[in-house]
1. Name the pairs: first residue in segment 145-159 and at positive phi and crowded, with 16+ Cβ neighbours inside 10 Å, second residue modelled with pLDDT of 75 or more and assigned to a loop (DSSP other than H, G, I, E, B), Cβ to Cβ under 8 Å, at least 6 apart or on different chains?
2. Quick check, is residue 2 hydroxyl-bearing (Ser, Thr, Tyr), at pLDDT 70 or above and surrounded by fewer than 10 Cβ atoms within 10 Å (Cβ to Cβ)?
3. Could you please find all residues in segment 110-129 being over 15 Å from residue 66 (Cα atoms) and outside any helix (DSSP H, G or I)?
4. Please specify each residue of segment 57-80 satisfying the condition of being closer than 21 Å to residue 106 by Cβ, more than 19 Å from the chain's Cα centre (by Cα) and not β-branched (Val, Ile, Thr).
5. Name the residue that is farthest from residue 155 (Cα to Cα), counting only residues in segment 64-112 that are in contact with a helix residue (DSSP H, G or I) (Cβ under 8 Å, 6 or more places away or on another chain) and among the charged types (D, E, K, R).
6. Within 21 Å of the chain's Cα centre (by Cα), touching a residue at least 24 places away in the same chain (Cβ under 8 Å) and surrounded by 14 or more Cβ atoms within 10 Å (Cβ to Cβ), is that true of residue 103?
Amino acid sequence: MTPARRHFAIGLFTLVGLLLLASACVLFGGADLFAKKAYFETYFESSVQGLDVGSAVKFRGVRIGTVEAIGFAGATYGDRAKLDPDDQAAFRPLSYVRVLCSVDLDQHPDFDAARLAAMVGRGLHAKLDLQGITGQILVNLDFPRNGAAVAPALDVPWRPDTLYVPSTPTSLQNLLNIAQDIASKLGNSDFPKAVDALTTLAQNVDKIAADADVPKLTASFTQLGDTLNKQTQQISAIIERLGPQRLSADLAETLSALARTTAAAEALVQELRQKPSRLLFDQPLED
């Protein structure tokens, strides 16, 4: 083979190899290299179990992009975060889970970086949702509904590389966190005494009423009112420390109902203390 033909064969072989490589890249996802994308990141303080690279990013249930990377914020920004070595709380943001997402601009050109930034200014936030009944987790973008308040954005001591979309915990995450806090803070309280008081009152109420022992009945209601009042004060103090933004509407309504019930019980106790027989038997108390 002459040198000219040998060089031609080598060139042809190289060209065919490059064509095959390009075809393989397109076939197995290399087309994404040429796709137009807008990127944003969000942070989660709680677990993102079930969320994976490739998970869907949706806006009001419509898929607009994909999760590109998941990791701890400290791995990306640890070297850039200016933290006080003596302030241990300042290192907390490094443990946030950083989720990098992309939006497919070829399919959704209206969601470019400028438009997303404007939407964040109007309250756009990200949260984790379940995808139907499959159990898969996705990142869902949405605005607050009916003027509802959104949890404040997580503060970070660095400037994010891409657009930052604040996250908000789901209602289930809120309730689980609140339940854990209440359980830990009330672990040493006198709840068992409250249960014992209610049980004793239920067991003896028939006998007390039958014997018409008004002072004893008054004492029982007084004990119940004092116990309810003490427990309500403990719960109120805990809820105040947790902050109203972590409470869902349903839990807030439940606590409000408990407060109203306790107030009614206290009013009944006061009336029984002042005129117990008049309330129970509609007759004056004999000397």
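The values are calculated or read from the model by the stated rules, or taken from the named source; none is laboratory data. As the structure is a computational prediction, the values presented were derived from the model and not from experiment. Backbone-built Cβ (ideal geometry, glycine too); neighbour counts: all protein chains shown.
1. Here the result reads none, with nothing in segment 145-159 linked to a residue that is modelled with pLDDT of 75 or more and assigned to a loop (DSSP other than H, G, I, E, B).
2. Answer is yes for this residue.
3. Listed by number, the residues that qualify are 122, 123, 124, 125.
4. Of the residues in segment 57-80, the ones closer than 21 Å to residue 106 by Cβ are 57-69.
Next, from what is left, pick out any that are more than 19 Å from the chain's Cα centre (by Cα): 62-69.
Within segment 57-80, 63, 65, 68, 69 meet the criteria.
5. Among those residues, the one meeting the criterion is 84.
6. Criteria not met by residue 103.
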